[in-house]
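Colleague: Mind looking over this structure? Questions follow.
The values are calculated or read from the model by the stated rules, or taken from the named source; none is laboratory data. As the structure is a computational prediction, the values presented were derived from the model and not from experiment. Note that each Cβ is placed from the backbone with ideal geometry, even for glycine, and that neighbours are counted across all protein chains shown.
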Amino acid sequence: MSGLASDTAMVMAAGLGKRMRPLTAAQPKPMVRVAGKALIDHTLDRLAEAGIGQAVVNVHYLADSLEAHIKGRKTPKVTISDEREALLETGGGMVKAVNAGLLPDPFFCLNADNIWLDGPRNAFLELSELWDAKRMDALLLVVPHSRANNFTGQGDFHMDPHGRLTRRRAGRIAPFIYTGIQIVSHHLLRDAPEGRFGTMQLWERAIEEERLFGASFTGQWFEVGTPQAIKPTEAVLKGV
């Protein structure tokens, strides 16, 4: 698919999956099956459909089984970013992969447990069409509450008319929820801490510099963070 901002996506698959217990007692969360398919296969299939040719998958928890599961994958071509020695979280995971030369500038980044249904346009095209490296350090795909299935939280971000994001204000409901999908510039990762840290640390700096932006997703997104969310998600997917 032409018009993409990058041919490479980093898939975050190293987490412990604590909220998905007991299903993650003996398997990593990305291998939990929803609608007959492992979560990570939902993600990798969507990358392939979008025409994204390269996927960098980080592994830590029960890494051997996850690596074996995706080893034979042809599209996208999968490269492993090995975090067996230490769990690095999202920020540290991206920095490790960039330092290893695995990620171009910019790159897509998404969670391995994402499930979504595209609206009129492909999610990656929606992001790519709005991407502007001169103004942005990261562009997050966000979704309003009405399009966020199984989500019961207060939201993550406010967005101004120009697309700039700010964090949810105390005592408020934020209109937009982060879907776990973004475009990341290497500029976001500059002077990053060493070791384990979350992306929010970098996002906050980008917010201060007015370089964190959002794109409002036109499809349906599913929060699949707990075992209880699986059946409602499957019910919607089977009706499509």
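Colleague: How about the stretch 177-211: which of its residues are acidic (Asp, Glu) and either surrounded by 14 or more Cβ atoms within 10 Å (Cβ to Cβ) or in contact with a Phe, Trp or Tyr (Cβ under 6 Å, 6 or more places away or on another chain) (or both)?
Modeller: Glu210
Colleague: So Arg196 fits all but one of (1) free of Cβ contacts under 8 Å to residues at least 60 places away in the same chain; (2) under 19 Å from Leu110 (Cα atoms); (3) assigned to a loop (DSSP other than H, G, I, E, B); (4) not aromatic (Phe, Trp, Tyr); what number is the exception?
Modeller: Going through the list (1) free of Cβ contacts under 8 Å to residues at least 60 places away in the same chain; (2) under 19 Å from Leu110 (Cα atoms); (3) assigned to a loop (DSSP other than H, G, I, E, B); (4) not aromatic (Phe, Trp, Tyr), Arg196 breaks only (1).
Colleague: Tally time: how many residues in the stretch 163-193 are farther than 27 Å from Thr43 by Cβ and either without any contact (Cβ under 8 Å) to a residue 12 or more places away in the chain or of a type in the set (Val, Ile, Thr) (or both)?
Modeller: Residues in the stretch 163-193 being farther than 27 Å from Thr43 by Cβ and either without any contact (Cβ under 8 Å) to a residue 12 or more places away in the chain or of a type in the set (Val, Ile, Thr) (or both): 7 in total.
Colleague: Also: Can you say whether Glu204 is within 25 Å of Pro30 (Cα to Cα), among the acidic types (Asp, Glu) and not in a loop (DSSP other than H, G, I, E, B), as far as the supplied structure shows?
Modeller: For Glu204, the condition - within 25 Å of Pro30 (Cα to Cα), among the acidic types (Asp, Glu) and not in a loop (DSSP other than H, G, I, E, B) - is not met.
Colleague: Another question, if that's okay. All but one of (1) part of a loop (DSSP other than H, G, I, E, B); (2) more than 15 Å from Asn114 (Cα to Cα); (3) in contact with a Pro (Cβ under 9 Å, 6 or more places away or on another chain); (4) among the hydrophobic types (A, V, I, L, M, F, W, C) hold for Ala14; state the number of the condition that does not hold.
Modeller: (2)
Colleague: Check whether at least one residue in the stretch 120-141 is farther than 21 Å from His162 by Cβ and more than 12 Å from the chain's Cα centre (by Cα), and report yes or no.
Modeller: yes
Colleague: Could you tell me which residue of the stretch 95-114 is modelled with the highest pLDDT, considering only residues that are surrounded by 22 or more Cβ atoms within 10 Å (Cβ to Cβ), closer than 25 Å to Gly163 by Cβ and in contact with a helix residue (DSSP H, G or I) (Cβ under 6 Å, 6 or more places away or on another chain)?
Modeller: Of everything passing the filter in the stretch 95-114, Leu103 is modelled with the highest pLDDT.
Colleague: With the structure loaded, tell me whether Leu23 is surrounded by 14 or more Cβ atoms within 10 Å (Cβ to Cβ), assigned to a loop (DSSP other than H, G, I, E, B) and more than 18 Å from the chain's Cα centre (by Cα) or whether it fails that test.
Modeller: Considered against the rule, which asks whether it is surrounded by 14 or more Cβ atoms within 10 Å (Cβ to Cβ), assigned to a loop (DSSP other than H, G, I, E, B) and more than 18 Å from the chain's Cα centre (by Cα), Leu23 comes out as yes.
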